[in-house]
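A.B. asks: Here it is, the structure in full.
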Amino acid sequence: MQFIKVNPQHEKFIAVIELNRPKELNALNRELMLEIRDTLRELDEDDNVRVIILTGGQKVFAAGADIKQMASATAIDMLNIDQFSTWDGIKKTKKPIIAAVSGFALGGGCELAMTCDMIVASDTAKFGQPEIKIGTMPGAGGTQRLTRAMGKVQAMELVLTGKFISAEEALAGGLINKIVPVELLLDETLKLARLIAAQSPVAVKLAKEAVNNAFNSTLDEGLIFERKNFYLTFASADQKEGMAAFVEKRVPDFKGK
Ligand code: CAA
């Protein structure tokens, strides 16, 4: 891997992907995004991985799509390359992904964090969709995910002015899960990851799918989808183990089967 570092076993059941293009502030060129997509596909198939953490550097999570790479592209180049289709691979990942964000998460960097399932931010984090300042607009989910996370008026302000918000503002707006001291970012993210890694991987996968489905369905359709996934967990040994462990007053040992 040229632009990311991957540790599939950072600790038991938890993999860490680190964006590693520091000189360019982790600008998300096409190659880097392909590496993320392919890595996520591998980790999704690896039974030893239950939760994935995606992080950047301390100064910057990611400063957005690579402006230099796309500056002179024509609309037809953009259409033919269709670089944001790579991002669909991130969305397809069945295991939970937690973004651990320190410093700037701008443009595609903010969109990358929002494509993950949860966001833990350091107190130095800054979020924004500054594409408007370079004559364009968000193209990898910003107008949709920011609006769903923070509501229309907040998203509109960020997208139309390009201004940055602090971690506190992001927390108040519902964009992130929590703020932690910068030096504890990975430790605190690991704590959250461990809580999820201790659960049934089958139930986690089905639950993640049901929560995400809330954005694509009516309430009634979503409730039916949820109910079917709930019933499906009863096909797993993990459900039997989880309920037996509760009755026997012991800690369950989930196998992902
Ligand atoms: N693409 C390519 N290179 C970038 C980059 C980007 N998004 N962001 C920073 N860099 C490069 C700079 O050009 C600079 O390179 P050189 O040393 O070769 O000059 C290097 O990284 C360091 O950057 P700065 O000197 O600008 O660092 P700074 O600390 O003064 O500022 C910053 C940091 C505020 C993040 C600033 O770099 C910045 O505003 N970056 C661009 C942010 C942006 O507009 N992102 C949106 C991109 S478009 C997009 O993401 C579309 C989409 O929807 C997916």
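A.B. asks: Within the range 120-143, which residues are more than 10 Å from the ligand (Cβ to nearest atom) and either touching a Cys at 6+ places or on another chain (Cβ under 9 Å) or open to solvent by less than 10 Å² (accessible area, probe 1.4 Å) (or both)?
C.D. replies: Val120, Ala121, Ser122, Ala125, Phe127, listed by residue number.
A.B. asks: Take Thr39 and tell me if it is among the hydroxyl-bearing types (Ser, Thr, Tyr), without any contact (Cβ under 8 Å) to a residue 60 or more places away in the chain and in contact with a strand residue (DSSP E or B) (Cβ under 6 Å, 6 or more places away or on another chain). Let's see the steps before the verdict.
C.D. replies: Working: among the hydroxyl-bearing types (Ser, Thr, Tyr): yes; without any contact (Cβ under 8 Å) to a residue 60 or more places away in the chain: yes; in contact with a strand residue (DSSP E or B) (Cβ under 6 Å, 6 or more places away or on another chain): yes.
Considered against the rule, which asks whether it is among the hydroxyl-bearing types (Ser, Thr, Tyr), without any contact (Cβ under 8 Å) to a residue 60 or more places away in the chain and in contact with a strand residue (DSSP E or B) (Cβ under 6 Å, 6 or more places away or on another chain), Thr39 comes out as yes.
A.B. asks: Counting only residues that are within 13 Å of the ligand (Cβ to nearest atom) and charged (D, E, K, R), which one in the range 11-30 is most open to solvent (accessible area, probe 1.4 Å)?
C.D. replies: Looking at residues that are within 13 Å of the ligand (Cβ to nearest atom) and charged (D, E, K, R), I get Lys23.
A.B. asks: Can you give me the number of residues within the range 71-96 that are open to solvent by less than 70 Å² (accessible area, probe 1.4 Å) and closer than 23 Å to Ile17 by Cβ?
C.D. replies: Total satisfying the criteria: 10.
A.B. asks: Also: Any residue at all in the range 51-61 that's open to solvent by 60 Å² or more (accessible area, probe 1.4 Å), assigned to a loop (DSSP other than H, G, I, E, B) and out of contact with any His (no Cβ under 8 Å at 6 or more places or on another chain)? Before you say what the answer is, go through the steps one by one.
C.D. replies: Looking only at the range 51-61, we keep the residues that are open to solvent by 60 Å² or more (accessible area, probe 1.4 Å), and these are 58-59.
Narrowing further to those that are assigned to a loop (DSSP other than H, G, I, E, B): 58-59.
Keeping just the survivors that are out of contact with any His (no Cβ under 8 Å at 6 or more places or on another chain) gives 58-59.
Checked the range 51-61: at least one residue is open to solvent by 60 Å² or more (accessible area, probe 1.4 Å), assigned to a loop (DSSP other than H, G, I, E, B) and out of contact with any His (no Cβ under 8 Å at 6 or more places or on another chain).
A.B. asks: Just name the residue that is nearest to Ala149 (Cα to Cα) out of those in the range 170-183 that are free of Cβ contacts under 8 Å to residues at least 40 places away in the same chain and open to solvent by 50 Å² or more (accessible area, probe 1.4 Å).
C.D. replies: Residues of the range 170-183 that are free of Cβ contacts under 8 Å to residues at least 40 places away in the same chain, as a first pass: 172-174, 183.
Checking the rest, the ones that are also open to solvent by 50 Å² or more (accessible area, probe 1.4 Å) come to 172, 183.
Numbers: Ala172: 11, Glu183: 26 Å.
Among those that are free of Cβ contacts under 8 Å to residues at least 40 places away in the same chain and open to solvent by 50 Å² or more (accessible area, probe 1.4 Å), it is Ala172.
A.B. asks: Let me ask another. Only one of (1) in contact with a Lys or Arg (Cβ under 9 Å, 6 or more places away or on another chain); (2) of a type outside the set (Asp, Glu); (3) surrounded by 13 or more Cβ atoms within 10 Å (Cβ to Cβ) fails for Ala244. Which number is that?
C.D. replies: (3)
A.B. asks: Just give me the residues in the range 57-68 being more than 7 Å from the ligand (Cβ to nearest atom) and closer than 19 Å to Pro130 by Cβ, in sequence order.
C.D. replies: Of everything in the range 57-68, those that are more than 7 Å from the ligand (Cβ to nearest atom) and closer than 19 Å to Pro130 by Cβ turn out to be Gly57, Lys59, Phe61, Ala62.
A.B. asks: Got a sec? Which helices (runs of 4 or more DSSP H) wholly within the range 147-257 have at least 1 residues that are under 30 Å from Glu131 (Cα atoms)?
C.D. replies: Details: elements: 152-161, 167-172, 185-197, 201-213, 219-233, 237-247.
Answer list for the range 147-257: 152-161, 167-172, 185-197, 201-213.
A.B. asks: Shifting gears a bit: Tell me which residues, restricted to the range 31-50, are open to solvent by 10 Å² or more (accessible area, probe 1.4 Å) and within 15 Å of the ligand (Cβ to nearest atom).
C.D. replies: Passing the criteria: Glu31, Leu34, Arg37.
The values are calculated or read from the model by the stated rules, or taken from the named source; none is laboratory data. Treat the numbers as computed from the prediction; the structure is a model and nothing was measured. Reconstructed Cβ throughout: ideal geometry from the backbone, glycine too, with neighbour counts over all protein chains shown. Ligands, DNA and RNA are excluded from the accessible area calculation, which covers all protein heavy atoms including side chains. Shrake-Rupley method; radii C 1.70, N 1.55, O 1.52, S 1.80 Å.
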